[in-house]
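A short write-up of the structure that comes next.
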Amino acid sequence: MLQTIGEKVRALRKSRNVSQEILCGTLNMPLSTYSNKERLSKFTTKELQVICKTLNCPYDVIISDKPFNPMQLNFEHDNIVFVNQNEENIPLYQNTESIFLTDKEKKLLKFMRTLTNEKRNELWDYIEKLKDGEQ
């Protein structure tokens with residue numbers, strides 16, 4: 001059975017842990033409009049190009065009639081970080097590997113966001129010293 005473009009986009013989006021809210025923001029459209037487009041496979045070529053760029057997927061893979069498994073895609077990423085606090089995992093895309101943050105790493109990132117720039121820089125300097133073996 002052939003996958004529709006909407007099914008491919010949904011599978012790719014979910015494999016990247018990206019919510020519909022993120023994509024509708026990227027496409028500058030209401031969530032209900034995006035949701036309908038994904039469900040009915042009614043994306044324009046321009047919208048699909050933006051989605052593919054955002055999700056880091058070759059455009060021809062999405063429009064192809066060939067079976068699609070987003071977990072088998074292997075290509076260079078552009079160091080994109082998607083953060084969705086409602087999701088279990090936060091993927092950090094770097095080169096050809098997806099790294100999922102642990103709960104402690106997520107807590108650390110959330111904590112760092114509460115710090116002033118000065119405190120964040122102090123923490124970063126401390127981390128650099130730890131990395132270099134100083135204490």
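In nanometres, what is the gap between the two model label sites at Asn69 and Leu40, each 7 Å from Cα along Cα-to-Cβ?
The modelled label-to-label distance comes out at 3.3 nm.
Sort Glu118, Glu38, Glu21 so that the residue with the fewest other Cβ atoms within 10 Å of its own Cβ comes first and the one with the most comes last.
Ascending number of Cβ neighbours within 10 Å: Glu118, Glu21, Glu38.
With no solvent and one point per C-alpha, what does the Debye sum give as log10 I(q)/I(0) for segment 5-72 at q = 0.14 Å⁻¹?
So the normalised log intensities are -0.34.
Step through the table entries Lys14/Lys66; Lys37/Lys110; Lys104/Lys129; Lys8/Lys104, compare each Cα-Cα distance with 31 Å, and write down the pairs that go over it.
In this structure, Lys37/Lys110; Lys8/Lys104 lie more than 31 Å apart at Cα.
Modelling each spin label as a point 7 Å along the Cα-to-Cβ direction, I'd like the Glu122/Thr4 distance in nm, to one decimal.
Between Glu122 and Thr4, the label points sit 5.5 nm apart.
Report the FRET efficiency, 1/(1 + (r/R0)^6), for Thr33 and Asp60, where r is their Cβ-Cβ distance and R0 is 30 Å, rounded to 0.05.
The computed FRET efficiency comes out at 0.75.
Between Lys14 and Lys104, what is the label-point separation in nm under the 7 Å Cα-to-beta-carbon projection?
Label at Lys104, label at Lys14, 3.2 nm between them.
With a 10 Å Cβ neighbour count serving as the proxy for reagent exposure, in which order, fewest first, do Cys57, Cys24 appear?
Cys24, Cys57
Bear in mind these aren't lab numbers, they're just calculated from the coordinates by the rules spelled out. Since the structure is predicted, the reported quantities are computational estimates derived from the model, not experimental observations. Here Cβ is always computed from backbone atoms with ideal geometry, including for glycine, and neighbour counts include all displayed protein chains.
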